[in-house]
Amino acid sequence: AQKITQTQPGMFVQEKEAVTLDCTYDTSDQSYGLFWYKQPSSGEMIFLIYQGSYDEQNATEGRYSLNFQKARKSANLVISASQLGDSAMYFCAMREGESSSASKIIFGSGTRLSIRP
Amino acid sequence: EAQVTQNPRYLITVTGKKLTVTCSQNMNHEYMSWYRQDPGLGLRQIYYSMNVEVTDKGDVPEGYKVSRKEKRNFPLILESPSPNQTSLYFCASSLAGSRETQYFGPGTRLLVL
């Protein structure tokens with residue numbers, strides 16, 4: 001069965017340091033996508049980064065990168081040079097299926113990241 | 001502007017009083033979905049829809065109904081709300097496929113007394 005696990009309920013990091021948010025997943029599908037979203041205190045869901053199961057290179061988007069280890073079924077989010085504005089809830093999510101199919105989408109329980117000045 | 005809209009944003013109701021939360025998107029997306037967010041549980045999918053007249057259950061469908069009569073709209077119906085349905089609800093839409101990210105609405109905060 002599909003499952004996403006985020007084992008860090010909360011983290012504190014000093015400003016300008018790098019931080020890694022953990023995400024492990026379980027699926028029997030060969031084709032799937034992994035997503036990270038940020039939810040600031042205002043409540044909206046903001047897409048950060050995507051990694052496809054067939055992508056050979058780790059995804060990067062500005063200060064965000066995804067450490068994708070397929071054999072270990074992990075997709076950790078790395079934020080370099082953290083900023084105060086990075087304080088938020090972060091969710092890992094997985095979507096299975098090929099382009100023409102509908103599929104469930106599941107989320108992890110989230111990690112609350114707090115950046116210290 | 002491409003967006004997903006939800007109404008109402010905030011709602012207080014009483015047990016058993018039927019309510020509908022509307023969701024509309026203007027991006028011609030095939031896939032639409034409803035989630036509820038509860039502390040410590042993340043987002044859990046209630047229902048999703050691949051296209052008009054095609055809906056499927058997510059992980060927590062009990063107590064909810066949906067319909068997809070038009071591509072742009074995907075209302076969430078609570079026929080007889082109960083206090084355990086007090087939650088933050090998100091609607092989202094996307095193109096179909098595992099590579100496609102979802103666009104989320106602003107959320108609807110529901111309190112059932």
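Applying a threshold of 20 Å to the alpha-carbon distances of A:K73/A:K104; A:K3/B:K57; A:K73/B:K57; B:K17/B:K65; A:K38/B:K65; A:K3/A:K73 flags A:K73/B:K57; A:K38/B:K65 as lying beyond it.
Arranged from fewest to most other beta-carbon atoms within 10 Å of their beta carbon, A:M11, B:M27, A:M94 become B:M27, A:M11, A:M94. Counts of other chain beta carbons within 10 angstrom of each beta carbon in peptide A:44-56 average 3. If R0 is taken as 35 Å, the Cβ-Cβ distance between A:Q83 and B:I12 corresponds to a FRET efficiency of 0.45. Peptide B:99-110 has a mean shielding of 5, counted as Cβ atoms of other protein chains within 10 Å of each residue's Cβ.
For the pair B:T5 and B:T22, label points projected 7 Å from Cα toward Cβ lie 0.8 nm apart. Between A:K3 and A:E56, the simple spin-label model (points 7 angstrom out along Cα→Cβ) gives 3.2 nm. Across chain A, the mean sequence separation of Cα contacts (distance under 8 Å, 6 or more residues apart), normalised by length, yields a relative contact order of 37 percent. Ignoring aspartates and glutamates fewer than eight residues from A:K16 along the same chain, the ones with Cα atoms less than 13 angstrom from its Cα are A:D86.
Read the figures in this text as sums done on the coordinates, not as results from a lab. Everything numeric here is computed off the predicted structure, so don't read it as measured data. Quick reminder, even Gly has a Cβ in these numbers, built from the backbone with ideal geometry, and neighbours come from all protein chains shown.
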